[in-house]
Every structure is written in structure tokens, then in C-alpha cells.
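Since the structure comes first, as C-alpha cells, the remarks are kept for the end.
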Amino acid sequence: MRKLMITSLVLFSTLTCAIAQDIGTAFSILRPGNFQDEDLDKFTFPAYGWLALVVKDGRWELMPTKVSIENQVVTSNYDKAIALLHECSLTPGKVDTPNMKFSGERRRLFKDEPGTIKMNYKGMEYGLTMNKSGKITLYNGVLSTTLEEVRAGVSLVWAGDLDKDDKLDLIIETETENNATYCLFLSGTAGEKALVKKVGCQFYSG
């Protein structure tokens with residue numbers, strides 16, 4: 001039986017996060033789909049305030065949506081959403097991406113087959129790399145930021161500008177022998193010495 005633990009973010013009452021007054025604690029990212037976990041529906045989570053990352057009219061957009069967890073299934077109003085996001089710095093609308101397709105087969109890297117996924121965004125060359133020790137790094141010509149260190153592999157789920165600051169944001173899924181994480185990384189919260197910062201993850205294991 002798969003265990004699902006979801007990291008939560010405490011959202012404080014501000015002008016940009018007014019919804020936090022009503023929901024208190026909110027999850028930053030969920031992966032839509034089935035979860036064989038009898039405890040999943042015991043988590044308290046907001047039904048509203050979510051954005052679904054979907055393809056609409058040939059482009060990627062963040063669309064307001066309601067999220068439900070019923071019978072160990074995470075759903076929204078958008079059946080083909082690849083991620084459900086609840087982060088106060090994100091707003092609905094079009095989101096730019098590199099010249100890559102993310103709705104098909106994922107780009108993957110493995111510890112025993114280290115390599116690099118290269119991306120060009122806004123004239124800047126980025127690389128997502130994994131070395132033999134399992135360290136996952138995002139770099140460009142100016143900065144390098146370690147994202148995670150895992151025992152198996154990593155999948156690039158999506159890359160683009162979610163927070164609309166003209167810098168690359170990422171959604172990645174990391175794997176070990178028994179579990180995985182679905183993580184959101186944003187550039188807008190990273191500061192001057194990092195490319196991105198991890199906002200939150202959904203953990204699941206078996």
C-alpha cells in the first residue's frame with residue numbers, strides 16, 4: 001500500500017494571499033491521479049484557490065480550478081492537468097515555456113546514467129544535470145543551484161515561467177527504490193544567489 005505524505009505551506013494573511021485568511025494551511029502542489037492510500041482523505045486541504053497547469057488553445061496556462069480528493073483519487077476541473085498548484089505568488093493566465101513539449105514522454109536522468117537536459121529560455125541556456133552521486137543541479141551561465149540528491153533518478157515534468165518573472169521555474173519528480181517526490185521550484189523566491197527555490201513537494205511511497 002502506498003503511503004502519501006504531502007508537505008504543507010503556511011500562507012499568511014497579506015494583500016496578495018488574502019485567501020489564506022480562510023484556509024490557513026495549504027498544499028503547494030498535487031499530482032492528479034490515483035493513490036492507493038487509505039489515509040489520503042484524512043488530510044485537511046482547501047478545495048479552492050488552486051491553479052491547474054494545462055494546455056489550452058495550443059499554449060500552457062494556469063487555470064483556476066477546484067480540487068477534490070475522493071476514494072484516493074485527486075481530481076480537478078481539468079482532466080489533463082499535469083500539476084495542481086496552490087501558491088500565492090502564482091496568478092491565472094498564459095505561462096511561457098522553452099521550446100519543449102511536456103505533455104508527452106518525460107525527459108529522465110538516472111544516477112547510473114548521468115547526463116544533462118538542456119533548455120534555452122529568454123536567450124539564456126539552462127541545464128538540468130544529474131551526476132553519479134545522485135546530485136541534481138540546475139545551472140546557467142551565471143549561477144548553479146543544487147535541487148536535490150537522490151538514489152535513483154529524476155524526471156523533468158515541466159519547465160517555464162510560472163511566476164512571470166522571466167526566469168525558469170521547474171516541476172520535477174525524483175525517484176528512489178521505494179518512493180518518489182513531485183516538487184515545485186520557483187525562481188521568484190530564490191533570492192540573488194540561486195536560480196530557484198523549492199516551494200513544496202508531494203511525497204508518495206510504497
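Observations on the structure shown:
- Here the Debye sum runs over all C-alpha atoms of region 153-206 as equal scatterers in vacuum, and log10 of I(q)/I(0) at q = 0.25 Å⁻¹ comes out as -0.92.
- Karplus-derived HN-Hα couplings along region 124-136 (A = 6.51, B = -1.76, C = 1.60, θ = phi - 60°), whole Hz, x at Gly and Pro: 10, 7, 10, x, 9, 10, 9, 9, 5, 8, x, 6, 9
- Taking only the C-alpha atoms of region 51-180, Rg followed by Dmax gives 15.5, 47 Å.
- For the residue pairs K80/K101; K111/K135; K167/K193; K80/K111, alpha carbon separations beyond 19 Å are given by K80/K111.
No lab work stands behind these numbers, since they all come straight from the coordinates. Computed from a predicted model, the values in this text were never measured in an experiment.
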